[in-house]
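Read the structure below first, then the notes.
The values are calculated or read from the model by the stated rules, or taken from the named source; none is laboratory data. None of the values given here were measured: they were computed from a predicted structure. So basically every Cβ, Gly included, is an ideal-geometry build from the backbone, and we count neighbours across all protein chains shown. Note: areas computed on protein heavy atoms with side chains; ligands, DNA, RNA excluded. Shrake-Rupley method; radii C 1.70, N 1.55, O 1.52, S 1.80 Å.
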Amino acid sequence: MTTFRHTAILPAIAALMVALSASTAIASDLFALGGGMKASDPSDSSYSWQLEYRQDLHKHLAAGFSYLNEGHVDGQRRDGYTAQMWLRTELLSERLTLAAAAGPYFYLNTVRAVNAKGFTNDHGLKGMFSLAAAWHLQNDVVLELRSNWITSGRSFDTTSVLAGIGYHFDPNLEPVKGKEFEYDPKNEITAFLGQSIVNSFDSETAMAGELEYRHRFLRHLDWTIGNIYEGNDQLLRRDGLVSQVWANQDLWEGLLGVGIGVGPYLLLSHYHNAISDDDQRVAVMVTLSGSYRIAPHWALRLSWNRLVTGNDYDSDLILGGLGYRF
């Protein structure tokens, strides 16, 4: 049985909520990066890739939240989430940005094990330190080169070098949406379909779905409740109710939205195969979500859910859907 810290994700989410609520008219960036990673113990190397949202707090200070995948090394597959504070400076007429960051890294590691399943899901906290150099193009596209160091705590240490592309969202330069989009609804009902993937070494998959209700309480704070069906694969069948609190940000005057949510997942019905010895009823769901408004009352939404359990049955749910706002 793995050690499961339900509260380990909460400080990172809280830090992002504070960052988002710090101002209503400051710039932000979205990045996608890829490259290579070197592990210290075991001594091995693999690919690595990262998705990050970064919010300006001041000219020389920003807060970022990201998902990092560290590839496969010596019978281990590790990824996780990090919240970092960034210090930076601009050079060459603000075309070049140099930055350094530090923050906690909540990792989720699938490890080969000598047991009936053949693996365990290990969770824990480490520290993450980053250096980055970014070049700003004239069309708000940003090219970035970055290195991450993950150290201290349990599990292995890593060094990664990544390069990628980003987009700079400046609220002072955003396009003006038409009058038909001036309506700002507070509620949304979304029907999702997609796929569930068990965090094992066989990555068993099944068709999944969700019906979700979302309510916006504040400019950067949402609450959702949803009914999830994870499908029926070779290891388990699982469904339940999930309730999450969200930190979110609207971009392009509300046409595009991004957010991170976390909350409890109540397992209403599930079964494992004969090798299971745990009857867990409550887990934690962490979700990255993005939406694009296609009409005053309609939006497309894509959500990447990570179910964090205490019985070695973590899973990913990648879901896309159509939402009605009112």
Go through region 229-256 and report how many residues are in contact with an Asp or Glu (Cβ under 6 Å, 6 or more places away or on another chain), at pLDDT below 85 and open to solvent by less than 30 Å² (accessible area, probe 1.4 Å). 2
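Check G310, G290, G323 and return the single one that is out of contact with any Gly (no Cβ under 6 Å at 6 or more places or on another chain) and not in a strand (DSSP E or B).
On the way: G290 fails: not in a strand (DSSP E or B); G323 fails: not in a strand (DSSP E or B).
None of the others qualify; the one that does is G310.
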Output the number of residues of region 210-222 satisfying the condition of being under 15 Å from S303 (Cα atoms) and surrounded by fewer than 20 Cβ atoms within 10 Å (Cβ to Cβ). 2
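So for region 116-126 (the condition being polar (S, T, N, Q) and in contact with a helix residue (DSSP H, G or I) (Cβ under 8 Å, 6 or more places away or on another chain)), does at least one residue qualify? Before you say what the answer is, go through the steps one by one.
Within region 116-126, the subset polar (S, T, N, Q) is 120-121.
Those still in the list that are in contact with a helix residue (DSSP H, G or I) (Cβ under 8 Å, 6 or more places away or on another chain) too: none.
No, because not a single residue in region 116-126 is polar (S, T, N, Q) and in contact with a helix residue (DSSP H, G or I) (Cβ under 8 Å, 6 or more places away or on another chain).
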Would you confirm, using the coordinates I've provided, whether R77 is open to solvent by 10 Å² or more (accessible area, probe 1.4 Å), in a strand (DSSP E or B), farther than 29 Å from N311 by Cβ and out of contact with any Leu (no Cβ under 6 Å at 6 or more places or on another chain)? no
From F106, F169, grab the single residue that is more than 22 Å from L307 (Cα to Cα) and either in contact (Cβ under 8 Å) with a residue 12 or more places away in the chain or open to solvent by less than 70 Å² (accessible area, probe 1.4 Å) (or both). F169
Scan region 115-137 residue by residue and report those that are surrounded by 14 or more Cβ atoms within 10 Å (Cβ to Cβ) and over 14 Å from Q84 (Cβ atoms). K117, F119, T120, N121, D122, H123, G124, A133, A134, H136
Does region 125-139 contain at least one residue that is on the phi > 0 side of the Ramachandran plot and not hydrophobic (A, V, I, L, M, F, W, C)? no
Output yes when any residue across region 201-208 is of a type in the set (G, A, S), without any contact (Cβ under 8 Å) to a residue 40 or more places away in the chain, surrounded by fewer than 14 Cβ atoms within 10 Å (Cβ to Cβ) and over 24 Å from Y53 (Cβ atoms), and no when none is. yes
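Give the number of residues within region 57-74 that are assigned to a strand (DSSP E or B) and either open to solvent by 40 Å² or more (accessible area, probe 1.4 Å) or not aliphatic (A, V, I, L, M) (or both).
Of all residues in region 57-74, those assigned to a strand (DSSP E or B) come to 57-58, 61-73.
Right, trim to either open to solvent by 40 Å² or more (accessible area, probe 1.4 Å) or not aliphatic (A, V, I, L, M) (or both) and you get 57-58, 61, 64-67, 69-72.
Total satisfying the criteria: 11.
Counting only residues that are open to solvent by 20 Å² or more (accessible area, probe 1.4 Å) and closer than 30 Å to N172 by Cα, how many does region 35-53 have?
Kept after step one, since they are open to solvent by 20 Å² or more (accessible area, probe 1.4 Å), are these residues of region 35-53: 35-36, 38, 40-47, 49, 51, 53.
When the remaining residues are screened for being closer than 30 Å to N172 by Cα, the result is 51, 53.
Residues meeting the conditions: 2.
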With the requirement that a residue be in contact with a strand residue (DSSP E or B) (Cβ under 8 Å, 6 or more places away or on another chain), at pLDDT below 95 and loosely packed, with under 14 Cβ neighbours inside 10 Å, what does region 138-151 give you? none
Please specify each residue of region 213-234 satisfying the condition of being part of a strand (DSSP E or B), in contact (Cβ under 8 Å) with a residue 60 or more places away in the chain and under 21 Å from R325 (Cα atoms). R214, L218, L221, I228
